[in-house]
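The values are calculated or read from the model by the stated rules, or taken from the named source; none is laboratory data. Predicted model only: the values in this text are computed from it and were never measured. Neighbour counts run over all protein chains shown; Cβ positions are idealised from the backbone, glycine included.
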Amino acid sequence: MEKTLAIKLAKVLIAAAWSDGELSNDEMNAFKDLLFNIPDLSGEEWPEIEVYMESPVKEEEAQQLIEDAVASIKSNQDKADAREFLDRLVSSDGIVTQDEQSFLDEVLQAIDSKKTGIMETMTSIIKSSLSKRRQKLGTTPSREERIEDFIKNTVYFKLKTEISSKEISFDDIGDNELRKLCLAAGIMAVLAWVDKDISPKEKNAINNALSENWGLDANRTSVVTELACSKALKGLDRFRLCRSFFKCTDYNERTSFLKTLFSVANSSENTSNDEIEEIRTISKLLRLGHKDFIDAKLTVPRDDRGGL
């Protein structure tokens with residue numbers, strides 16, 4: 001199967017799995033097993049698919065994905081390949097809900113009704129051009145337009161996705177500042193997760209840091225902290241977080257943030273050696289010197305850091 005069609009069908013399959021409102025671990029693993037077999041799928045292309053696993057795909061978005069996939073079908077062979085691709089997923093775990101089956105039936109019907117003649121090809125080109133213009137004029141960015149955020153600032157991506165559903169506004173905070181605080185929350189959550197557990201005290205310390213540095217009220221700090229901690233459990237990319245945070249902060253902000261990290265580390269069961277070493281690594285990624293690290297470490301009482 002042609003790779004572009006496979007990628008578009010993969011997005012449709014994920015939308016189908018979301019049709020019942022949830023995406024289980026078994027479904028996600030089945031997807032990954034199937035999608036890893038797409039020929040020559042690059043590391044840069046994988047996030048284009050993975051971004052649709054992040055949160056439910058709503059009906060309007062799902063319909064657009066179906067249209068995009070069907071528009072890529074140019075021949076009867078494409079039709080056969082698309083059907084086989086869909087059938088492989090359906091049979092991968094043997095469990096398909098009624099909502100998922102209805103969605104897949106709709107996709108299969110769209111594929112079967114797809115014409116593959118010359119006139120249809122010309123029509124598809126025209127429709128594709130109009131669709132791209134429509135997207136350019138639209139005000140709401142698609143997931144693909146936000147892939148960079150999905151990769152480099154997952155907490156921000158998730159927050160922007162959920163703001164409307166949670167009925168919480170961050171309009172008083174500029175977008176650049178919102179990105180910065182989400183990066184900071186992500187790094188703090190990574191630190192808190194060093195011992196594979198994030199305690200209520202550590203969450204409270206992250207809340208306090210967001211409140212003191214960005215003036216967020218309790219409701220909004222709680223939302224950002226919970227998002228950051230939930231993403232840390234799934235594996236936030238510390239290197240990308242730190243690199244992005246470095247780019248949007250100055251030296252004074254970074255040295256101050258290092259002290260905040262020690263405050264978070266010391267909020268529960270004092271500061272462990274593992275936490276100190278994690279902060280040391282973060283300090284290096286933020287391009288801070290050894291003296292900056294020591295100065296920040298000394299803000300924690302000696303007895304609270306095991307004499308280190």
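Considering only residues of the range 16-28 that are touching a helix residue (DSSP H, G or I) at 6+ places or on another chain (Cβ under 9 Å) and assigned to a helix (DSSP H, G or I), which is surrounded by the fewest Cβ atoms within 10 Å (Cβ to Cβ)? Steps first, please.
Of all residues in the range 16-28, those touching a helix residue (DSSP H, G or I) at 6+ places or on another chain (Cβ under 9 Å) come to 16-21, 23-24, 26-28.
If we keep only those that are assigned to a helix (DSSP H, G or I) too, we end up with 16-20, 26-28.
On the way: A16: 28, A17: 26, W18: 22, S19: 20, D20: 17, D26: 11, E27: 23, M28: 14.
Restricting to residues being touching a helix residue (DSSP H, G or I) at 6+ places or on another chain (Cβ under 9 Å) and assigned to a helix (DSSP H, G or I), the top hit is D26.
Just checking, which of T249, T271, T260 is in contact with a helix residue (DSSP H, G or I) (Cβ under 9 Å, 6 or more places away or on another chain) and surrounded by fewer than 21 Cβ atoms within 10 Å (Cβ to Cβ)?
Within the list T249, T271, T260, the selection yields T249.
What are the residue pairs meeting all of these: first residue in the range 161-182, first residue in a loop (DSSP other than H, G, I, E, B), second residue at pLDDT below 85, Cβ atoms under 7 Å, and 6 or more apart or on different chains?
Matching pairs, first to second residue: F170/I163.
Let's see how each residue does on (1) of a type outside the set (S, T, N, Q); (2) part of a helix (DSSP H, G or I):
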position: F239; (1), (2): yes, yes
position: F245; (1), (2): yes, yes
position: T249; (1), (2): no, no
position: S263; (1), (2): no, yes
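I'd like the residue in the range 201-213 that is surrounded by fewer than 21 Cβ atoms within 10 Å (Cβ to Cβ) and of a type in the set (D, E, K, R) and, out of all such residues, is nearest to D149 (Cα to Cα).
Here is the first cut: in the range 201-213, the residues surrounded by fewer than 21 Cβ atoms within 10 Å (Cβ to Cβ) are 201, 204, 207-208, 211-213.
Remaining after also requiring of a type in the set (D, E, K, R): 201, 212.
Numbers: K201: 29, E212: 25 Å.
Here the answer is E212.
Report yes if T299 is surrounded by fewer than 22 Cβ atoms within 10 Å (Cβ to Cβ), outside any helix (DSSP H, G or I), of a type in the set (S, T, Y) and within 24 Å of the chain's Cα centre (by Cα), otherwise no.
Working: surrounded by fewer than 22 Cβ atoms within 10 Å (Cβ to Cβ): yes; outside any helix (DSSP H, G or I): yes; of a type in the set (S, T, Y): yes; within 24 Å of the chain's Cα centre (by Cα): no.
Criteria not met by T299.
So E226 clears everything in (1) at pLDDT below 90; (2) surrounded by fewer than 20 Cβ atoms within 10 Å (Cβ to Cβ); (3) in a helix (DSSP H, G or I) except one condition, right? Which one?
Of the numbered conditions (1) at pLDDT below 90; (2) surrounded by fewer than 20 Cβ atoms within 10 Å (Cβ to Cβ); (3) in a helix (DSSP H, G or I), the odd one out for E226 is (1).
Yes/no per residue for (1) among the hydrophobic types (A, V, I, L, M, F, W, C); (2) under 17 Å from F103 (Cα atoms); (3) outside the structural domain of S230 (by TED's automatic domain parsing):
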site: V12; (1), (2), (3): yes, yes, yes
site: W18; (1), (2), (3): yes, yes, yes
site: L23; (1), (2), (3): yes, yes, yes
site: E27; (1), (2), (3): no, yes, yes
site: L41; (1), (2), (3): yes, no, yes
site: E45; (1), (2), (3): no, no, yes
site: K58; (1), (2), (3): no, yes, yes
site: A62; (1), (2), (3): yes, yes, yes
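Only residues in the range 257-272 that are farther than 12 Å from D195 by Cβ and assigned by TED's automatic domain parsing to the domain that holds A189 count as the first member; pair them with residues that are of a type in the set (D, E, K, R) and buried (at least 22 other Cβ atoms within 10 Å of the Cβ), Cβ under 7 angstrom, at least 6 apart or cross-chain, and list the lot.
From the range 257-272, the pairs are V264/E202; S267/E202.
Can you give me the number of residues within the range 214-223 that are crowded, with 16+ Cβ neighbours inside 10 Å and in a helix (DSSP H, G or I)? Step through it out loud before you land on a result.
Applying the first criterion (crowded, with 16+ Cβ neighbours inside 10 Å) to the range 214-223 yields 214, 216, 220-223.
Within this subset, residues satisfying the condition of being in a helix (DSSP H, G or I) are 214, 220-223.
Of the residues in the range 214-223, 5 are crowded, with 16+ Cβ neighbours inside 10 Å and in a helix (DSSP H, G or I).
If I filter the range 229-242 down to residues being small (G, A, S) and surrounded by fewer than 17 Cβ atoms within 10 Å (Cβ to Cβ), which single residue comes out as modelled with the lowest pLDDT? So that I can check it myself, show each step before the final result.
Restricting attention to the range 229-242, the residues satisfying the condition of being small (G, A, S) are 230, 232, 235.
Checking the rest, the ones that are also surrounded by fewer than 17 Cβ atoms within 10 Å (Cβ to Cβ) come to 230, 235.
Values: S230: 86, G235: 80.
Checked the range 229-242; the qualifying residue modelled with the lowest pLDDT is G235.
Name the one entry in A209, A184 that is touching a Ser or Thr at 6+ places or on another chain (Cβ under 7 Å) and of a type in the set (G, A, S).
On the way: A184 fails: touching a Ser or Thr at 6+ places or on another chain (Cβ under 7 Å).
Going through A209, A184 in turn, the sole match is A209.
Exactly one of (1) buried (at least 17 other Cβ atoms within 10 Å of the Cβ); (2) outside any helix (DSSP H, G or I); (3) out of contact with any Leu (no Cβ under 9 Å at 6 or more places or on another chain) is unmet by I198. Its number?
For I198, the exception is condition (3).
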